[in-house]
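Some notes on the structure that comes next.
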Amino acid sequence: MDSAGTEGGSLLIRNVEIAGRPNLDVRIADGWIREIGTGLTGRNELDGRGGALIPGLTDHHIHLLSLEAASRSVRLENARDFDDIVRIVQTFASQLQDGAWIRAVGYHERIAGPLGLPELDIISPRHPIRIQHQTGALWMLNSLALRSISTDGDPDCVEKDKKNRPTGRIWRGDRWLRRQLGTTRPQFRKIGERLAGYGITSLTDASVTNDHTSAAILANARRQGDLPQHLMMMSGGELARSPDGAYEIGPVKIILDEANLPPIDSMCEQIRSARRWGRAVAVHCVTYAELAFTLAAFESEGTQPGDRLEHGALIPWDAISVIKSMNLTVVTQSAFVFERGARYLSEVLPQEIEDLYRCRSLRDAGIGVAGSSDAPYTEPNPWVGMRSAVERRAAGDNRAVGSAEGITSAEALSLYLTGARNPGGAPRGVVVGGAADLCLLNEPIRDALPQLSEELVAATIVSGHIVFMA
Ligand SMILES: [Zn+2]
């Protein structure tokens, strides 16, 4: 699982601040912190310039395959005109590897009239692109896209001009197009780099759909170094261990849908299955009913260490003591408060606002709370989540959203400082004998905490290898 970076896995990080102590050097070898002191010498040095060295961050709830798919799709329904489309697509393209396909959806003629090959080649000069019409009946391809698929055999769906050349317009040709394109192989390099840029060294993929196919895809991304972060995988059913440790097995994920709750027995049976597989349980809880149902099932089956409530989007005051007594961890996404705050303020009853994505009251009750993004449903940037956990304000209009649930900057950072195995537990430290999964900030911690910004990340180190440098 070695990523490129440092030779022989040895590294000397010079002049860093650890837990408030300045001017320290850290020697790393074979993925472990071997020595912390002053005046250490060695080859392969990284100058910390007095910045804080903290444990690498963990995103405790993310959906990597969905994030990857979202990273390949552009939404055009809100584009204003042709120039706006060009801007949106080219911004998107700047994040892609060369030659990667762009999939755009939601186009309508009201935006910029009918699109032909000349327009599509301006929209995407360097990447093959296919743009879907809002009706779903039509795909519009640029020249690069047309060239990379075969239009031989003249299927009826491929529109031709008078000289019998394809126009780039494919009518009701989804199945044919899919055959031509094959299944797009997910590309994780950009995502891995982006997450490393945030200081993330460890991920928990919380997708209920994870199975041996997704495990193979993600394990492959780990082996190739595209995804440098340690990975723990949840799944809805049984999941085979990775023979080379490309991923760890996490809890069994249970999804509930308030509109369609199963008989409680069937959820109890899911919990019993998880126990047979030796796994904890993580339950998706976003409504009062889903939470009540989950707590009833745990009441019946009992809890074990590692059991967790995902989201905890609405937790009534009365439930806090029950969650504490069951020793459940809440894996929250404070970024929703920021990103969807305005919507919550208009749609959620005023007395329910304080139940939204609780943090302070849970911590005060002694409940373990862990931080996560739920990306792609919020930005995968943990610093957005941290700021939101502190400020509790809606994006755009900056109105307060349950500000009593706000926590301090240090507490917000600590939500991301435990390993994937220990969400909501005590934050890891930077200590001799500890794993060299680290995040180097460009400021001492007292200057970093008031900012809580991704701009602070100077370097990210996974298993002793530098995977990101600002
Ligand atoms: Zn999720």
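The values are calculated or read from the model by the stated rules, or taken from the named source; none is laboratory data. Owing to the predicted nature of the structure, the values given are computational and were not obtained by experimental measurement. Here the Cβ positions follow ideal geometry from the backbone for every residue, glycine too, while neighbour counts run over all protein chains shown.
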- Item | Residues that are away from the ligand (no atom under 16 Å from the Cβ) and part of a loop (DSSP other than H, G, I, E, B), drawn from the range 353-379 | Arg358, Cys359, Ala365, Gly366, Ile367, Gly368
- Message: Conditions first: (1) within 25 Å of Ser463 (Cβ to Cβ); (2) in contact with a Lys or Arg (Cβ under 6 Å, 6 or more places away or on another chain). Arg49 passes all but one, so which condition is the exception?
- Response: (2)
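State all residues of the range 409-449 that are assigned to a loop (DSSP other than H, G, I, E, B) and among the hydroxyl-bearing types (Ser, Thr, Tyr); if no residue qualifies, say none. If you could, list the steps in order and put the result at the bottom.
Just the residues of the range 409-449 that are assigned to a loop (DSSP other than H, G, I, E, B), to begin with: 415-434, 436-437, 442-444, 449.
Passing the criteria: Tyr416, Thr418.
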- Within the range 321-339, restricting to residues that are away from the ligand (no atom under 14 Å from the Cβ) and among the hydroxyl-bearing types (Ser, Thr, Tyr), the one that is surrounded by the most Cβ atoms within 10 Å (Cβ to Cβ) is Ser334
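Using the structure shown, decide if Ile320 is assigned to a loop (DSSP other than H, G, I, E, B) and either farther than 27 Å from Leu67 by Cα or in contact with a helix residue (DSSP H, G or I) (Cβ under 7 Å, 6 or more places away or on another chain) (or both).
Working: assigned to a loop (DSSP other than H, G, I, E, B): no; either farther than 27 Å from Leu67 by Cα or in contact with a helix residue (DSSP H, G or I) (Cβ under 7 Å, 6 or more places away or on another chain) (or both): yes.
Against the criterion (assigned to a loop (DSSP other than H, G, I, E, B) and either farther than 27 Å from Leu67 by Cα or in contact with a helix residue (DSSP H, G or I) (Cβ under 7 Å, 6 or more places away or on another chain) (or both)), Ile320 does not qualify.
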- Query: Any idea how many residues of the range 205-221 are under 14 Å from Glu68 (Cα atoms) and away from the ligand (no atom under 16 Å from the Cβ)?
  - Reply: 2
- Query: Restricting the first residue to the range 368-382 and requiring it to be over 20 Å from Ile407 (Cα atoms), which pairs with a second residue that is β-branched (Val, Ile, Thr) and within 12 Å of the ligand (Cβ to nearest atom) meet a Cβ separation below 6 Å and a spacing of at least six or different chains?
  - Reply: Ala375/Ile62
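Based on this model, can you work out whether Gln180 counts as more than 25 Å from Leu115 (Cα to Cα) and of a type outside the set (Val, Ile, Thr)? Step through it out loud before you land on a result.
Details: more than 25 Å from Leu115 (Cα to Cα): no; of a type outside the set (Val, Ile, Thr): yes.
No.
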- Query: In the range 341-367, which residues are closer than 16 Å to Met386 by Cα and surrounded by fewer than 20 Cβ atoms within 10 Å (Cβ to Cβ)?
  - Reply: Arg360, Arg363
- Residues that are more than 16 Å from the ligand (Cβ to nearest atom) and surrounded by 21 or more Cβ atoms within 10 Å (Cβ to Cβ), drawn from the range 47-68: Gly48, Gly51, Ala52, Leu53, Ile54, Pro55, Gly56, Leu57
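Can you tell me which residue is farthest from Arg421 (Cα to Cα) among those in the range 243-294 that are part of a helix (DSSP H, G or I) and within 16 Å of the ligand (Cβ to nearest atom)?
As a first pass, look at the range 243-294 and keep what is part of a helix (DSSP H, G or I): 258-260, 264-276, 288-294.
After this cut, where a residue has to be within 16 Å of the ligand (Cβ to nearest atom) as well, the list is 258, 290-291, 294.
Values: Glu258: 29, Glu290: 25, Leu291: 23, Thr294: 22 Å.
Filtering first and then ranking leaves Glu258.
For the range 167-231, give me every one of the helices (runs of 4 or more DSSP H) that falls completely inside it and has 1 or more residues that are closer than 28 Å to Arg428 by Cα.
Because the criterion is at least 1 residues that are closer than 28 Å to Arg428 by Cα, the helices (runs of 4 or more DSSP H) in the range 167-231 that meet it are 189-197, 212-223.
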- Message: One residue is enough: does the range 161-179 have a residue meeting the conditions in the same structural domain as Pro128 (by TED's automatic domain parsing), buried (at least 16 other Cβ atoms within 10 Å of the Cβ), under 21 Å from Ile102 (Cβ atoms) and out of contact with any Phe, Trp or Tyr (no Cβ under 9 Å at 6 or more places or on another chain)?
- Response: yes
- Task: Would you check which residues across the range 210-234 are touching a Leu at 6+ places or on another chain (Cβ under 8 Å) and under 19 Å from His311 (Cα atoms) and list them?
- Result: Asn210, Met232, Met233
- Got a number for residues in the range 295-320 being within 16 Å of the ligand (Cβ to nearest atom) and among the hydrophobic types (A, V, I, L, M, F, W, C)? 3
- Note on the structure: Of (1) crowded, with 23+ Cβ neighbours inside 10 Å; (2) within 16 Å of the ligand (Cβ to nearest atom); (3) within 30 Å of Ala448 (Cβ to Cβ), Met232 satisfies every one except (1)
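Restricting the search to the range 7-19, which residues are at pLDDT 95 or above and in a loop (DSSP other than H, G, I, E, B)? Spell out the reasoning first.
Within the range 7-19, the subset at pLDDT 95 or above is 11-19.
If the condition is that a residue be at pLDDT 95 or above and in a loop (DSSP other than H, G, I, E, B), then Ala19 is the only one that fits.
Do we find that Ala404 is surrounded by fewer than 24 Cβ atoms within 10 Å (Cβ to Cβ) and over 30 Å from Pro228 (Cβ atoms) in this structure? Break it down into steps so the answer makes sense when it comes.
Values: surrounded by fewer than 24 Cβ atoms within 10 Å (Cβ to Cβ): yes; over 30 Å from Pro228 (Cβ atoms): yes.
For Ala404, the condition - surrounded by fewer than 24 Cβ atoms within 10 Å (Cβ to Cβ) and over 30 Å from Pro228 (Cβ atoms) - is met.
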- Only residues that are touching a Phe, Trp or Tyr at 6+ places or on another chain (Cβ under 8 Å) and more than 21 Å from Asn78 (Cβ to Cβ): list them for the range 138-147, please. Ala145
- Qualifying positions in the range 354-385 - at pLDDT 95 or above and out of contact with any strand residue (DSSP E or B) (no Cβ under 7 Å at 6 or more places or on another chain): Arg358, Arg360, Ser361, Asp364, Ala365, Gly366, Asn381, Trp383, Val384
- Task: State the number of residues belonging to the range 139-160 that are small (Gly, Ala, Ser), at pLDDT 90 or above and surrounded by fewer than 18 Cβ atoms within 10 Å (Cβ to Cβ).
- Result: 1
